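A.B. asks: Supplied in C-alpha coordinates, the structure appears directly below.
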Amino acid sequence: MTQQARTGTSGRAPEDMPTSFGYARVDEGRKQALVDEVFHKVAERYDLMNDLMSGGLHRVWKDAMVSYLAPPRAMGSGWRLLDVAGGTGDIATRVVRRSNEMARAVVCDINESMLNVGRDRAEKAGLGDVITFTQGNAEDLPFPDRSFDAYTIAFGIRNVPDIPKALREARRVLKRGGRFLCLEFSEVDVPVLDKLYDTFSFQAIPVVGKWVTGDGDPYQYLVESIRRFPNQERFADMIREAGFERVTYRNYSGGIAALHSGWKL
(Lines give C-alpha, C1' and ligand atoms only; values in the text may rest on other atoms or scores of the structure.)
Protein backbone atom coordinates (compact mmCIF):
# COMPACT_ATOMS: atom_id res chain seq x y z
CA MET A 1 0.00 0.00 0.00
CA THR A 2 1.55 3.28 -1.07
CA GLN A 3 1.63 6.39 1.06
CA GLN A 4 -0.51 8.17 -1.55
CA ALA A 5 -3.15 5.45 -1.45
CA ARG A 6 -3.24 5.57 2.32
CA THR A 7 -3.90 9.27 2.52
CA GLY A 8 -6.28 9.62 -0.44
CA THR A 9 -10.05 9.77 -0.15
CA SER A 10 -10.67 7.22 -2.90
CA GLY A 11 -10.95 4.45 -0.30
CA ARG A 12 -13.59 6.27 1.74
CA ALA A 13 -16.67 5.21 -0.22
CA PRO A 14 -19.56 4.37 2.16
CA GLU A 15 -20.72 1.49 -0.03
CA ASP A 16 -17.41 -0.28 0.59
CA MET A 17 -17.76 -0.34 4.39
CA PRO A 18 -19.78 -3.60 4.78
CA THR A 19 -17.03 -5.65 3.10
CA SER A 20 -13.90 -3.79 4.21
CA PHE A 21 -11.96 -4.96 7.22
CA GLY A 22 -9.30 -2.30 7.22
CA TYR A 23 -7.76 -2.58 3.76
CA ALA A 24 -8.76 -6.21 3.40
CA ARG A 25 -11.87 -7.31 1.51
CA VAL A 26 -14.09 -9.79 3.34
CA ASP A 27 -17.30 -11.58 2.46
CA GLU A 28 -20.56 -9.82 3.22
CA GLY A 29 -21.62 -10.69 6.75
CA ARG A 30 -18.10 -11.57 7.88
CA LYS A 31 -16.96 -8.14 9.05
CA GLN A 32 -18.86 -8.06 12.34
CA ALA A 33 -17.25 -11.25 13.62
CA LEU A 34 -13.79 -9.96 12.74
CA VAL A 35 -14.44 -6.64 14.47
CA ASP A 36 -15.75 -8.48 17.54
CA GLU A 37 -12.52 -10.44 17.71
CA VAL A 38 -10.49 -7.22 17.65
CA PHE A 39 -12.41 -5.77 20.58
CA HIS A 40 -12.33 -8.98 22.59
CA LYS A 41 -8.55 -8.65 22.38
CA VAL A 42 -8.34 -4.98 23.37
CA ALA A 43 -11.24 -4.67 25.86
CA GLU A 44 -9.05 -4.59 28.96
CA ARG A 45 -6.76 -2.02 27.34
CA TYR A 46 -9.34 0.06 25.49
CA ASP A 47 -8.30 3.40 26.98
CA LEU A 48 -4.67 2.60 26.23
CA MET A 49 -5.70 1.79 22.66
CA ASN A 50 -7.31 5.21 22.25
CA ASP A 51 -4.32 6.87 23.90
CA LEU A 52 -2.09 5.26 21.26
CA MET A 53 -4.45 6.16 18.41
CA SER A 54 -4.84 9.80 19.45
CA GLY A 55 -1.75 10.65 21.47
CA GLY A 56 -4.04 10.97 24.52
CA LEU A 57 -6.22 13.60 22.85
CA HIS A 58 -9.30 11.35 22.84
CA ARG A 59 -9.90 12.37 26.45
CA VAL A 60 -10.02 16.05 25.50
CA TRP A 61 -12.27 15.34 22.52
CA LYS A 62 -14.68 13.28 24.64
CA ASP A 63 -14.91 16.05 27.22
CA ALA A 64 -15.66 18.50 24.40
CA MET A 65 -18.34 16.15 23.06
CA VAL A 66 -20.09 16.01 26.43
CA SER A 67 -19.88 19.80 26.78
CA TYR A 68 -21.51 20.16 23.35
CA LEU A 69 -24.24 17.72 24.39
CA ALA A 70 -24.86 19.72 27.59
CA PRO A 71 -26.95 17.17 29.51
CA PRO A 72 -29.51 18.78 31.82
CA ARG A 73 -28.80 19.04 35.54
CA ALA A 74 -32.39 19.56 36.65
CA MET A 75 -33.81 17.06 39.10
CA GLY A 76 -36.68 15.03 37.77
CA SER A 77 -36.02 15.82 34.12
CA GLY A 78 -36.14 12.12 33.18
CA TRP A 79 -33.50 12.73 30.52
CA ARG A 80 -32.07 9.52 29.06
CA LEU A 81 -28.94 8.88 27.01
CA LEU A 82 -28.20 5.91 24.78
CA ASP A 83 -24.47 5.45 24.22
CA VAL A 84 -23.83 2.92 21.46
CA ALA A 85 -20.58 0.99 20.97
CA GLY A 86 -19.48 2.46 24.28
CA GLY A 87 -19.03 -0.76 26.21
CA THR A 88 -16.49 0.53 28.69
CA GLY A 89 -18.91 3.29 29.77
CA ASP A 90 -16.46 6.09 29.03
CA ILE A 91 -18.96 8.54 27.49
CA ALA A 92 -21.88 7.49 29.70
CA THR A 93 -19.83 8.14 32.83
CA ARG A 94 -18.85 11.58 31.61
CA VAL A 95 -22.45 12.47 30.76
CA VAL A 96 -23.88 11.26 34.06
CA ARG A 97 -21.25 13.11 36.07
CA ARG A 98 -21.70 16.28 34.00
CA SER A 99 -25.42 16.15 34.83
CA ASN A 100 -24.70 15.84 38.56
CA GLU A 101 -26.06 12.29 38.24
CA MET A 102 -29.48 13.57 37.20
CA ALA A 103 -29.26 11.92 33.75
CA ARG A 104 -29.70 8.21 33.21
CA ALA A 105 -27.62 6.35 30.64
CA VAL A 106 -27.89 3.07 28.79
CA VAL A 107 -24.74 1.67 27.21
CA CYS A 108 -25.33 -0.66 24.27
CA ASP A 109 -22.47 -2.65 22.77
CA ILE A 110 -22.32 -5.82 20.70
CA ASN A 111 -19.17 -6.98 22.45
CA GLU A 112 -19.62 -8.70 25.83
CA SER A 113 -15.96 -8.28 26.78
CA MET A 114 -16.28 -4.51 26.47
CA LEU A 115 -19.52 -4.52 28.45
CA ASN A 116 -17.93 -6.49 31.27
CA VAL A 117 -15.22 -3.84 31.58
CA GLY A 118 -17.87 -1.11 31.65
CA ARG A 119 -20.04 -2.80 34.28
CA ASP A 120 -17.05 -3.26 36.57
CA ARG A 121 -16.01 0.36 36.17
CA ALA A 122 -19.52 1.69 36.79
CA GLU A 123 -19.87 -0.35 39.96
CA LYS A 124 -16.48 0.78 41.27
CA ALA A 125 -17.40 4.40 40.51
CA GLY A 126 -20.70 4.07 42.39
CA LEU A 127 -22.71 4.62 39.19
CA GLY A 128 -24.25 1.18 38.85
CA ASP A 129 -27.73 2.55 39.57
CA VAL A 130 -27.63 5.27 36.90
CA ILE A 131 -25.75 3.51 34.08
CA THR A 132 -27.07 0.22 32.69
CA PHE A 133 -25.39 -2.04 30.14
CA THR A 134 -27.13 -3.94 27.35
CA GLN A 135 -25.70 -6.18 24.66
CA GLY A 136 -27.04 -5.26 21.25
CA ASN A 137 -26.26 -4.48 17.64
CA ALA A 138 -26.18 -0.87 16.43
CA GLU A 139 -27.94 -2.02 13.26
CA ASP A 140 -30.88 -3.50 15.20
CA LEU A 141 -31.17 -1.80 18.57
CA PRO A 142 -33.17 -3.66 21.26
CA PHE A 143 -35.16 -0.59 22.30
CA PRO A 144 -38.62 0.79 21.44
CA ASP A 145 -39.15 3.79 19.20
CA ARG A 146 -38.71 7.23 20.78
CA SER A 147 -37.01 5.95 23.94
CA PHE A 148 -34.09 8.36 24.38
CA ASP A 149 -33.34 12.09 24.49
CA ALA A 150 -29.84 11.70 23.10
CA TYR A 151 -27.78 9.14 21.21
CA THR A 152 -23.99 9.18 21.32
CA ILE A 153 -21.37 7.01 19.65
CA ALA A 154 -17.64 7.64 20.03
CA PHE A 155 -15.05 5.90 17.85
CA GLY A 156 -17.51 3.12 17.09
CA ILE A 157 -19.48 3.97 13.95
CA ARG A 158 -16.64 3.07 11.56
CA ASN A 159 -16.68 -0.50 12.91
CA VAL A 160 -20.36 -0.99 12.03
CA PRO A 161 -20.79 -2.91 8.75
CA ASP A 162 -24.03 -1.20 7.63
CA ILE A 163 -23.62 2.43 8.72
CA PRO A 164 -26.78 3.79 7.01
CA LYS A 165 -28.85 1.18 8.84
CA ALA A 166 -27.25 2.11 12.17
CA LEU A 167 -28.00 5.79 11.53
CA ARG A 168 -31.64 5.00 10.80
CA GLU A 169 -31.80 3.00 14.03
CA ALA A 170 -30.34 5.96 15.91
CA ARG A 171 -33.10 8.18 14.62
CA ARG A 172 -35.77 5.57 15.38
CA VAL A 173 -34.95 5.29 19.09
CA LEU A 174 -34.68 9.05 19.61
CA LYS A 175 -37.59 11.10 20.85
CA ARG A 176 -38.77 14.03 18.74
CA GLY A 177 -36.28 16.80 19.43
CA GLY A 178 -33.60 14.24 20.30
CA ARG A 179 -29.92 14.79 19.60
CA PHE A 180 -27.47 12.58 17.70
CA LEU A 181 -23.74 13.04 18.34
CA CYS A 182 -20.97 11.00 16.76
CA LEU A 183 -17.27 11.42 17.55
CA GLU A 184 -15.01 9.63 15.11
CA PHE A 185 -11.52 9.68 13.69
CA SER A 186 -11.75 11.46 10.36
CA GLU A 187 -9.79 13.01 7.50
CA VAL A 188 -6.96 15.41 8.41
CA ASP A 189 -7.32 18.64 6.44
CA VAL A 190 -4.14 20.48 7.47
CA PRO A 191 -1.13 20.30 5.12
CA VAL A 192 1.95 18.64 6.62
CA LEU A 193 -0.09 17.43 9.63
CA ASP A 194 -1.81 14.89 7.37
CA LYS A 195 1.53 13.38 6.31
CA LEU A 196 2.90 13.40 9.86
CA TYR A 197 -0.22 11.77 11.25
CA ASP A 198 -0.24 9.17 8.50
CA THR A 199 3.37 8.24 9.12
CA PHE A 200 2.79 8.03 12.88
CA SER A 201 -0.32 5.90 12.39
CA PHE A 202 1.12 3.28 10.08
CA GLN A 203 4.67 3.09 11.35
CA ALA A 204 4.32 3.66 15.08
CA ILE A 205 0.89 2.62 16.34
CA PRO A 206 0.96 -1.09 15.38
CA VAL A 207 4.54 -1.43 16.64
CA VAL A 208 3.78 0.23 19.97
CA GLY A 209 0.53 -1.73 20.23
CA LYS A 210 2.41 -4.98 19.84
CA TRP A 211 5.03 -3.89 22.36
CA VAL A 212 2.42 -2.90 24.96
CA THR A 213 -0.17 -5.64 24.42
CA GLY A 214 1.75 -8.37 22.62
CA ASP A 215 -0.43 -8.13 19.50
CA GLY A 216 -0.13 -5.43 16.85
CA ASP A 217 -2.82 -6.77 14.50
CA PRO A 218 -5.80 -5.04 16.17
CA TYR A 219 -3.97 -1.72 15.95
CA GLN A 220 -3.16 -2.28 12.27
CA TYR A 221 -6.86 -2.86 11.58
CA LEU A 222 -7.92 0.22 13.56
CA VAL A 223 -5.45 2.45 11.72
CA GLU A 224 -6.65 1.14 8.37
CA SER A 225 -10.32 1.43 9.34
CA ILE A 226 -9.90 5.17 9.88
CA ARG A 227 -8.74 5.58 6.28
CA ARG A 228 -11.72 3.61 4.98
CA PHE A 229 -14.29 5.70 6.85
CA PRO A 230 -16.12 8.40 4.83
CA ASN A 231 -14.71 11.89 5.26
CA GLN A 232 -16.50 14.66 7.15
CA GLU A 233 -18.69 15.96 4.33
CA ARG A 234 -19.73 12.53 3.09
CA PHE A 235 -20.57 11.32 6.58
CA ALA A 236 -22.63 14.47 7.19
CA ASP A 237 -24.56 13.62 4.01
CA MET A 238 -25.17 10.11 5.32
CA ILE A 239 -26.60 11.51 8.56
CA ARG A 240 -28.95 13.73 6.55
CA GLU A 241 -29.96 10.79 4.36
CA ALA A 242 -30.96 8.92 7.54
CA GLY A 243 -33.50 11.67 8.26
CA PHE A 244 -31.65 13.94 10.69
CA GLU A 245 -31.87 17.71 10.39
CA ARG A 246 -29.59 20.64 11.27
CA VAL A 247 -26.60 18.40 10.63
CA THR A 248 -23.24 19.99 11.39
CA TYR A 249 -19.72 18.89 12.25
CA ARG A 250 -16.68 20.38 13.92
CA ASN A 251 -13.10 19.23 13.48
CA TYR A 252 -10.76 18.55 16.36
CA SER A 253 -6.99 18.70 16.03
CA GLY A 254 -7.01 19.53 12.35
CA GLY A 255 -9.52 16.82 11.44
CA ILE A 256 -7.83 13.91 13.20
CA ALA A 257 -11.25 13.58 14.80
CA ALA A 258 -14.61 15.15 13.98
CA LEU A 259 -17.79 15.56 15.99
CA HIS A 260 -20.99 15.27 13.94
CA SER A 261 -24.33 16.51 15.27
CA GLY A 262 -27.88 16.03 14.07
CA TRP A 263 -31.41 16.46 15.41
CA LYS A 264 -34.61 14.45 15.08
CA LEU A 265 -37.17 17.17 14.43
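A.B. asks: Which one of these is assigned to a helix (DSSP H, G or I), at pLDDT 90 or above and within 21 Å of LEU82 (Cα to Cα): ALA166, ALA258? Step through it out loud before you land on a result.
C.D. replies: Working: ALA258 fails: assigned to a helix (DSSP H, G or I).
Just one listed residue meets the conditions, ALA166.
For (1) more than 30 Å from ILE256 (Cα to Cα); (2) at pLDDT 95 or above; (3) in contact with a helix residue (DSSP H, G or I) (Cβ under 9 Å, 6 or more places away or on another chain); (4) open to solvent by less than 70 Å² (accessible area, probe 1.4 Å), each residue gets a yes or a no:
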| position | (1), (2), (3), (4) |
| --- | --- |
| ASN111 | no, no, yes, yes |
| LYS124 | yes, no, no, no |
| GLY128 | yes, no, yes, yes |
| PHE133 | no, yes, yes, yes |
| PHE143 | yes, yes, yes, yes |
| ASP149 | no, yes, no, yes |
| PHE155 | no, no, yes, yes |
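A.B. asks: Only one of ARG172, ARG240, ARG228 is open to solvent by 10 Å² or more (accessible area, probe 1.4 Å), more than 21 Å from LYS62 (Cα to Cα), out of contact with any Ser or Thr (no Cβ under 7 Å at 6 or more places or on another chain) and in contact (Cβ under 8 Å) with a residue 24 or more places away in the chain; which? Talk me through it step by step, then tell me what you get.
C.D. replies: Details: ARG240 fails: in contact (Cβ under 8 Å) with a residue 24 or more places away in the chain; ARG228 fails: out of contact with any Ser or Thr (no Cβ under 7 Å at 6 or more places or on another chain).
So the residue among ARG172, ARG240, ARG228 that is open to solvent by 10 Å² or more (accessible area, probe 1.4 Å), more than 21 Å from LYS62 (Cα to Cα), out of contact with any Ser or Thr (no Cβ under 7 Å at 6 or more places or on another chain) and in contact (Cβ under 8 Å) with a residue 24 or more places away in the chain is ARG172.
A.B. asks: Take the residues in the range 212-222 that are at pLDDT below 75 and in a helix (DSSP H, G or I), then tell me which one is farthest from ARG45 (Cα to Cα).
C.D. replies: Taking the range 212-222 as the starting set, the residues that turn out to be at pLDDT below 75 are 212-219.
Checking the rest, the ones that are also in a helix (DSSP H, G or I) come to 212-213, 217-219.
Values: VAL212: 10, THR213: 8, ASP217: 14, PRO218: 12, TYR219: 12 Å.
If we take residues in the range 212-222 being at pLDDT below 75 and in a helix (DSSP H, G or I), then ASP217 is farthest from ARG45 (Cα to Cα).
A.B. asks: Something else now. Take the range 94-109 and flag every residue that is modelled with pLDDT of 95 or more and within 19 Å of the chain's Cα centre (by Cα).
C.D. replies: Matches in the range 94-109: ARG94, VAL95, VAL96, ALA105, VAL106, VAL107, CYS108.
A.B. asks: State all residues of the range 105-135 that are on the phi > 0 side of the Ramachandran plot and in contact (Cβ under 8 Å) with a residue 40 or more places away in the chain; if no residue qualifies, say none. I'd like the intermediate steps shown before the answer.
C.D. replies: So the first thing to find is which residues in the range 105-135 are on the phi > 0 side of the Ramachandran plot, and the list is 126.
Matches in the range 105-135: none.
The values are calculated or read from the model by the stated rules, or taken from the named source; none is laboratory data. Because the structure is predicted, anything quoted here is derived from the model rather than measured. With ideal geometry, Cβ positions are generated from the backbone for all residues, glycine too; neighbour counts draw on all protein chains shown. Surface areas here come from the heavy atoms of the whole protein model, side chains and all, with no ligands, DNA or RNA. Shrake-Rupley method; radii C 1.70, N 1.55, O 1.52, S 1.80 Å.
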